[in-house]
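Here the structure is laid out as structure tokens; the discussion comes afterwards.
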């Protein structure tokens, strides 16, 4: 039974960059799986606490609460609190810009993960082509009297293609899953921005305006 080291040595120099790609991809996947947890991006406890403070118009307390949390939701809410008093279109534009920045942060390293998934099979193909060249060169020197030379060379050459595919396929699947996770969390942040706008608008209304809005809401 061949060990991993034996396979790497038998596959040639191309196996080393393929191995490096797999290690880098593993590090990115572990970091993104940790960072893209919902509790680290949009903590429900933080959102509930901020909503309660906004209802009581305790804006400074809400800002202080967000100052302690280093996550996307806290940064988005903190930005929204800075915009108190702005017009609705200005508030919406500023929150959309903040949302785009958070989406870029959530997507960090995913592009590199996609690149690794794309180049790993190409590295394997490069190793196969290089191995085939060496195999035919060996046959040219030894002649066709020993078919085992050609068969062994081809088998060794195809090893790198298999290695590239083994690395690329799971990385590609995980990349798609992480991209979907980022999209879901981005949508949650967009909903949070909309809810924050409505909460601030309601909190800043005077009692008379609130009563008027209630009458309009129930008006047939």
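The numbers here are math on the coordinates, done by the rules we state, and not lab data. Keep in mind the model is a prediction, meaning the values are calculated, not measured. All Cβ positions, glycine included, derive from the backbone under ideal geometry; neighbour counts span all protein chains shown.
Structure notes:
- When residues in the range 17-34 are screened for being under 15 Å from residue 107 (Cα atoms) and either touching a residue at least 24 places away in the same chain (Cβ under 8 Å) or touching a helix residue (DSSP H, G or I) at 6+ places or on another chain (Cβ under 6 Å) (or both), 6 of them pass.
- The residue that is surrounded by the fewest Cβ atoms within 10 Å (Cβ to Cβ), counting only those in the range 71-90 that are over 27 Å from the mean Cα position of the chain (by Cα) and more than 12 Å from residue 200 (Cα to Cα), is 89.
- Scanning the range 57-104 for residues that are closer than 17 Å to residue 199 by Cβ and not in a helix (DSSP H, G or I) returns 57, 58, 83, 84, 85, 86, 87.
- Scan of the range 20-44 for residues that are under 21 Å from residue 125 (Cβ atoms) and crowded, with 17+ Cβ neighbours inside 10 Å, ordered by number: 21, 22, 25
- Selection of the range 109-126 for residues being surrounded by 13 or more Cβ atoms within 10 Å (Cβ to Cβ) and farther than 14 Å from residue 176 by Cα yields 119, 120, 121, 123, 124, 125, 126.
- Qualifying residue in the range 51-70 (condition: within 30 Å of residue 163 (Cα to Cα) and surrounded by 14 or more Cβ atoms within 10 Å (Cβ to Cβ)): no
- Test: residue in the range 81-97 that is within 26 Å of residue 177 (Cα to Cα) and touching a helix residue (DSSP H, G or I) at 6+ places or on another chain (Cβ under 7 Å): no
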